[in-house]
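Comments concern the structure below.
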Amino acid sequence: MAQELPKIYDPQSTQQQAEQLWAQGRYYHANEKTATPKKTYAVVIPPPNVTAALHLGHALNNTLQDILVRFHRMLGKATLWMPGTDHAGIATQTVVDKRLRAEKKPALVDYKEMEKNGQDGRSQFVAKVQSWKDEYEARILGQLKSMGCSCDWDRTRFTMDEVCAKAVRAVFFKLFADGLIYRGKRLVNWDPATQTVLADDEVEHQTVKGFFWYLKYPLVEPVVINGQTIEHVTVATTRPETMLGDTAVAMNPSDPRAKALVGKQVRLPIVGRLIPIVADEHVVLPDPESSEEKAKFSTGFLKVTPAHDPDDWQIGQRHNLPVINVMAPDGSISDKFGWTDWDVVKNPDVENIIGMDRFEAREAIVEWFRTEKLLAEVRDYSHEVGHSYRSHVPIEPYLSDQWYIAVKKPIPNCRLSMDDCRLETETRDGIAYIKGTDVPGNSLAGLALWPLLDGRLKFYPERYRNNYQTWLENLRDWPISRQLWWGHRIPVWSKSFSLTGNSWEETVEKERLLYLHGSVACRIIHVDSGKLILNPEEYLYPIRKETEGEYISYFCPTPDEGLRDEVAKAMGYKQDSDVLDTWFSSALWPFSTMGWPEQNETLKAFYPTNVLCTAREIITLWVSRMVMMGQYCLGDIPFGDVYIHAMIQDGQGRKMSKSLGNGIDPLTIIESHGADAMRFTLAGMTTDTQDVRMPVAALTLPDGRTVNSSPKFDNGRNFCNKLWNASRFAMMNLEGTDPAAFDASKLDITDKWILSRLAAVVRDVTETLTSYRFNDPVNALYKFFWNDLCDWYLEWAKPRMADAAQRPIAQNVLAFALDQTLRMLHPFVPFITEGIFQNLNTIAPVRKLGTLAAAPSAESIMIAPWPAGLDSFIAPDIERQIETMQNCIGAIREIRNKYNIHPAKRLIGTLVAPQGRLQMLRDNSRLICELAGMEQLIIEADAPKPANSAAAIVEEMQIYVHDVVDVEAERQRLQKQKEFIESGIRPLQAKLSNESFVSRAKPEVVEQSRQKLKDLTDQLDAVNKNLAELA
RNA sequence: GGGCGGUUAGCUCAGCUGGUUAGAGCGCCUGCCUUACAAGCAGGAGGUCACAGGUCCGAAUCCUGUACCGCCCACCA
């Protein structure tokens, strides 16, 4: 068996076998029945988007989670890692559309056309996306399994599967019933060419050369300021065509002219609309000398077009300005979409412009101003303009109706009252705000904020809490509708109707039928006034008579019974065609995956989860919303810890997702280096402080330039190979290991030493892993395994394995140390450790050291107990003694190398040491001889330097290596040694002669320095003596 | 514009609360195919810790400023 192990570690077969073993044993499965509150550990995966296969960033993210999960599973906890994927609304829809177009197949535009023609284009397109999703979901889950992720695969979820969909409907209903969902206007990124809405990151910014046009708007009544009569105000704009929709001119209240002008009216040219001059802080004061671009160009007057500019929209909101949309969806000027206040007879000019494309209209309008002598000036200007990534035409801010969640509205009958949190509040207008903020404590934003402030929600590293906090404090209402087809369709049905005369009761009576079908959340809005006439709180009564006019009725069905399609249709209701923001369903992920709103065992056992492990860019979008929804729906935070890991960057320091990372499928690395190698390298790179550049293998071109090629995982690969080979050695030597033959009193110094080191590493790894440091345990294990166990312990153990008396002791210690090391390594390199563990189980089934330490074995290392209780092995004096041995060996090896002595050549040496250390050194001289290639080592308290010997100094000892006869080389070596020692002495002397240091530094630091100086001085004397003897 | 990081060996990075002569891996140089491992073993060279000030007996570490690099958010009349 042992002999059959290959020399080079072959990850593929080991991975396969381990995967099989784990799948059979279902060790990843979390069992609710064995879970007790203190003994559970739960993590939900940040669900990867089904847009594409995973990249290195995912590999890192999931490696770290798996390390935590495996660690806690081995600590004996009922452990759940919930896997799944995210439908990623806009991204996926876009990707599929792109693919279809690339393949010259019917794409989104075509399906939209079908939909328009009454065919079912929507569901056909969704089916296309669905099959894309199926493909990538399978691929992603396969990648995760290949990486060794010990997710509970029996529970795999998808944000759009029925379990999650039910949670989405339930939360939406709850929000709707609580009056937290409302209909509002919002400017979206509109692509007039494809006539679709774009997400912010689908907008490409391009620098465009354009102009600033300075347009003069006449005042209705001239104003006199400082003796000057002012007849016009001049506004500067880069988009003159929008002036048709102007509803105000704004100026900064601190502008000296504001006093005279604010409140006056302006007659909007061409249109003839009378619009007010309003005061708004947002307006930049003019200053031609300023370095600020805006101040240089500003006239102090800003045209306000709420329907066509996000900023102006805000100003419009502040001043209650009318919103006049002058454009059609195709970007042409139109009076059919909200612009009513013009007159064909009075305004032939307007009639001219209507129907023009926005760019044509721009020219026409500028020309009109020029002709009318109202164009004050034109200046060159280049600025950033958003373009559609799809059609590459400039995007148009376009006003549309959207669903919103009110995040700062106090929640009626909130399940968490402010009594549940201990934060200070201040009450204004009857609302309790979290002190120092304008966030009501019992609003959604408030619910997400207080766990942070009261310390229950912790960020690692801590600095990220600022992100979270300031975002929530400045939170605006959350627009949740998206004009897409791929996603959770908004569960709201609506119908317009008009009321005339006495039809009110009859109409409303009909709506009551809906309630009988389970719809209890309902709202009827009077279109003209926007007034809500039936509140969700009032449900059926009182039914009041209202004014005649147009109404819209919205219904949100309960998640369980639902509003049956037929019923809705029969009643003339139509479902909203939009879908929900992807983050809406993501926000529910920690509990939707567990089956909420059903109250079940899983939720009881595993909610709240322990940690969320994610990248920093979604703290606001995702983390905060999960906390919000967890608090709102379950009355508890979804996780206590948020671990934000570093990002992997490419060689240029760019985000991986933008360059290198996207191209690299973890599977290619797993194939070439093995999953363990990848995990080990990734975990070892992770630190709290900064992002990390992926080391890449550099490629040198013929012209001498170097180009980055592929990421390097050699480190991990080499480590695995070392682990494999050390284990081979163990397997060859552990046959017949008999725990009964172990005798604690016969442990030799190397046994005691390696056990001491082992105990220290167990302590270190356990502690660092608990505080989310991953590179520390990786480094500690790397050093311990490679440098301590392999380089020293195994080398010293080799001869002992051939010694009948020593063999049983060394075998038991080696088996035990290897066993414990494998367990600690397992979270990092799961496959290879499982493979070796299985071999070890065959060859040395019981690994224990008498009564000193017992380590129960297990059928899989995955469920083997984590090493513990080894502290009694810690022996600092033993470690110091071994260090002395190592130093002696190092000194002799250096001499061997310097004199180019062949490794096979046996040497004789003399070691001169103080009386007190002689016994220890003599006891252990074999350690030095074996590893330094000495035939004999004479150890004396006093001995002259043998002729023709090289001298080395270790601590307070002298080592002479006999018969190395190159006087000049020896002189140079000693001279160099002398200089080195002297350079150490100087700063120490300076330090110790400094009165302040001696009196003010910690005594142990001073003592340390004194000791060190004494050692160095002794060494210097010795070197000088040797030098003198040479001469 | 607001916020947050980074700058340590040729490369990628450690270095926790200031205190031995600043570390690792890779790369480089020298010698070894030593019966676990050449994906290895042994040894070595290589750093005024971005810059300028400050605090302190003492600064890679704490403070201030500068430069460059990066990230997030906001915004572009």
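The values are calculated or read from the model by the stated rules, or taken from the named source; none is laboratory data. Because the structure is predicted, anything quoted here is derived from the model rather than measured. For neighbour counting, all protein chains shown are included, and Cβ atoms are generated from backbone atoms with ideal geometry for every residue, glycine included. Remember, those area values only see protein heavy atoms, side chains included, never the ligands or the DNA or RNA. Shrake-Rupley method; radii C 1.70, N 1.55, O 1.52, S 1.80 Å.
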Review point. When residues of region A:185-233 are filtered for being of a type in the set (Gly, Ala, Ser) and within 13 Å of RNA strand B (Cβ to nearest atom), how many remain?
Key: 2
**Study point:** region A:449-463 - residue that is aliphatic (A, V, I, L, M) and away from RNA strand B (no atom under 16 Å from the Cβ) and, of those, nearest to the chain's Cα centre (by Cα)
**Key:** A:Leu457
Check your understanding: Does A:Cys414 satisfy being open to solvent by 20 Å² or more (accessible area, probe 1.4 Å) and closer than 16 Å to A:Asp636 by Cβ?
Key -> yes
Exercise for review: Report yes if some residue within region A:265-288 is open to solvent by less than 50 Å² (accessible area, probe 1.4 Å), touching a residue at least 40 places away in the same chain (Cβ under 8 Å) and among the polar types (S, T, N, Q); otherwise report no.
Suggested key: no
Exercise for review: Could you list, in sequence order, all residues of region A:234-268 that are of a type outside the set (A, V, I, L, M), closer than 29 Å to A:Gly338 by Cα and more than 16 Å from RNA strand B (Cβ to nearest atom)?
Suggested key: A:Gly263, A:Lys264, A:Gln265, A:Arg267
Practice item. Check A:Ala780 against each of (1) within 16 Å of RNA strand B (Cβ to nearest atom); (2) open to solvent by 60 Å² or more (accessible area, probe 1.4 Å) and name the one condition it does not meet. Key: (2)
Exercise for review: Can you confirm whether region A:198-214 contains a residue that is assigned to a strand (DSSP E or B), under 23 Å from A:Ile354 (Cα atoms), open to solvent by less than 10 Å² (accessible area, probe 1.4 Å) and touching a strand residue (DSSP E or B) at 6+ places or on another chain (Cβ under 8 Å)?
Suggested key: yes
Exercise for review: Output the residues belonging to region A:123-160 that are in contact (Cβ under 8 Å) with a residue 12 or more places away in the chain, among the aliphatic types (A, V, I, L, M) and either out of contact with any Cys (no Cβ under 7 Å at 6 or more places or on another chain) or in a loop (DSSP other than H, G, I, E, B) (or both).
Suggested key: A:Val126, A:Val129, A:Ile140, A:Leu141, A:Met147, A:Met160
Check your understanding: Which residue out of A:Ala250, A:Ala258, A:Ala307 is without any contact (Cβ under 8 Å) to a residue 60 or more places away in the chain and of a type in the set (Gly, Ala, Ser)?
Key -> A:Ala258
Review point. Any residue at all in region A:662-677 that is open to solvent by 40 Å² or more (accessible area, probe 1.4 Å) and at pLDDT below 75?
Key: yes
Revision key, fill the gap. Scanning region A:996-1021 for residues that are within 8 Å of RNA strand B (Cβ to nearest atom) and of a type in the set (D, E, K, R), the one farthest from A:Tyr899 (Cα to Cα) turns out to be A:Arg1000
Review point. Quick one: how many residues across region A:930-974 are in contact (Cβ under 8 Å) with a residue 12 or more places away in the chain and open to solvent by 60 Å² or more (accessible area, probe 1.4 Å)?
Key: 12
Review point. Do you know which residues across region A:851-864 are at pLDDT below 90 and either surrounded by 15 or more Cβ atoms within 10 Å (Cβ to Cβ) or over 18 Å from A:Gln811 (Cβ atoms) (or both)?
Key: A:Leu852, A:Ala853, A:Ala855, A:Pro856, A:Ser857, A:Ala858
Point to revise | Close pairs (7 angstrom Cβ cut-off, 6 or more residues apart or separate chains): assigned to a strand (DSSP E or B) and at pLDDT 90 or above in region A:224-237, within 16 Å of RNA strand B (Cβ to nearest atom) and of a type in the set (Gly, Ala, Ser) anywhere | key: A:Thr234/A:Ala376
**Study point:** Flag for A:Ala797 being of a type in the set (A, V, I, L, M, F, W, C) and either over 16 Å from A:Ala741 (Cβ atoms) or open to solvent by less than 20 Å² (accessible area, probe 1.4 Å) (or both)
**Key:** yes
Study note, to complete from the structure: By residue number, the members of region A:83-130 that are among the aliphatic types (A, V, I, L, M) and surrounded by 13 or more Cβ atoms within 10 Å (Cβ to Cβ) are A:Ala88, A:Ile90, A:Ala91, A:Val95, A:Val96, A:Leu100, A:Ala107, A:Leu108, A:Val109, A:Met114, A:Val126, A:Val129
Review point. Among the residues of region A:613-643, how many are more than 15 Å from RNA strand B (Cβ to nearest atom), assigned to a helix (DSSP H, G or I) and either of a type in the set (Gly, Ala, Ser) or at positive phi (or both)?
Key: 1
Point to revise | Residue count for region A:899-920, restricted to those that are closer than 11 Å to A:Met957 by Cβ and surrounded by fewer than 16 Cβ atoms within 10 Å (Cβ to Cβ) | key: 2
Point to revise | Residues of region A:436-460 that turn out to be open to solvent by less than 20 Å² (accessible area, probe 1.4 Å) and not hydroxyl-bearing (Ser, Thr, Tyr), as a count | key: 14
Practice item. Check off (1) farther than 20 Å from A:Glu372 by Cα; (2) modelled with pLDDT of 90 or more; (3) of a type in the set (Phe, Trp, Tyr) for A:Tyr182 and give me the number that stays unchecked. Key: (2)
Check your understanding: Among the residues of region A:361-416, how many are assigned to a helix (DSSP H, G or I) and touching a residue at least 12 places away in the same chain (Cβ under 8 Å)?
Key -> 7
Review point. Going by the structure shown, is A:Gly984 within 13 Å of RNA strand B (Cβ to nearest atom) and under 24 Å from A:Tyr793 (Cα atoms)?
Key: no
Check your understanding: of a type in the set (Gly, Ala, Ser) and away from RNA strand B (no atom under 16 Å from the Cβ) - does that describe any residue in region A:348-355?
Key -> yes
Check your understanding: How many residues are within 24 Å of A:Arg763 (Cβ to Cβ), open to solvent by less than 10 Å² (accessible area, probe 1.4 Å) and either without any contact (Cβ under 8 Å) to a residue 12 or more places away in the chain or outside any helix (DSSP H, G or I) (or both) when one looks only at region A:802-849?
Key -> 6
**Study point:** Enumerated helices (runs of 4 or more DSSP H) restricted to region A:1-120, each holding at least 3 residues that are within 16 Å of RNA strand B (Cβ to nearest atom)
**Key:** A:11-25, A:56-74
Check your understanding: For region A:366-392, which residues satisfy the criterion of being within 14 Å of RNA strand B (Cβ to nearest atom) and either touching a Lys or Arg at 6+ places or on another chain (Cβ under 6 Å) or among the β-branched types (Val, Ile, Thr) (or both)?
Key -> A:Val366, A:Ala376, A:Val378, A:Ser382, A:Val385
Review point. Hey, does region A:251-261 have a residue that's of a type outside the set (Lys, Arg), in a strand (DSSP E or B) and within 18 Å of A:Val366 (Cβ to Cβ)?
Key: no
**Study point:** Residues that are within 11 Å of RNA strand B (Cβ to nearest atom) and either hydroxyl-bearing (Ser, Thr, Tyr) or under 17 Å from A:Tyr960 (Cβ atoms) (or both), drawn from region A:898-922
**Key:** A:Lys898, A:Tyr899, A:Ile901, A:Lys905
